[in-house]
Ligand SMILES: [Zn+2]
């Protein structure tokens, strides 16, 4: 039996992960229509190759099997993020419930990651970089990105057209 060469697979997985200083691990490979990272995997089953969501693969590689029927909720609300620390297994029902309170849980429980979490957070160069990545993936709208980073959408649009933060690298 040849089986799956796990080392190759894990290496391929990590080669597509961009570990940001702000905590999010952004998936740089393909994404599906919903903005979730996707990865082609060779399954050790008769069905052969399949495509899986990248954040689930990373979670299983780092943490362990995801309980049957559970979804992974992105606590940071960055769909292309695959950091297991930002993922929490929840029931589909709970996941839907949470998506109705976008960002609240994260902002309430995790001060620091998104600045001072006081609504007046100044953006660091790293955050501006992250915003640029978010913009380039076109997963989120500019108001959504602004909400995530605690800044006005006009700040995001300014970054998008390169008017401000041009000195941040
Ligand atoms: Zn994240």
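Which of the residues that make up region 30-57 are away from the ligand (no atom under 16 Å from the Cβ) and at pLDDT 95 or above?
Answer for region 30-57, where residues must be away from the ligand (no atom under 16 Å from the Cβ) and at pLDDT 95 or above: there is none.
Answer yes if at least one residue in region 64-86 is outside any helix (DSSP H, G or I), within 16 Å of the ligand (Cβ to nearest atom) and surrounded by fewer than 16 Cβ atoms within 10 Å (Cβ to Cβ), and no otherwise.
No - not one qualifying residue is present in region 64-86.
Being within 30 Å of residue 69 (Cα to Cα), in a loop (DSSP other than H, G, I, E, B) and modelled with pLDDT under 80 is the filter here, so list the residues in region 88-132 that pass it.
Passing the criteria: 100, 101, 102, 103, 110, 113.
Could you please let me know if residue 135 is modelled with pLDDT of 75 or more, assigned to a helix (DSSP H, G or I), away from the ligand (no atom under 15 Å from the Cβ) and in contact with a helix residue (DSSP H, G or I) (Cβ under 8 Å, 6 or more places away or on another chain)? Even if it seems obvious, please write down each step before you answer.
Details: modelled with pLDDT of 75 or more: yes; assigned to a helix (DSSP H, G or I): yes; away from the ligand (no atom under 15 Å from the Cβ): yes; in contact with a helix residue (DSSP H, G or I) (Cβ under 8 Å, 6 or more places away or on another chain): yes.
The answer is yes for residue 135.
The values are calculated or read from the model by the stated rules, or taken from the named source; none is laboratory data. Because the structure is a prediction, the values reported are computed rather than measured. Glycine gets a Cβ as well: all are built from the backbone with ideal geometry, and neighbour counts include every protein chain shown.
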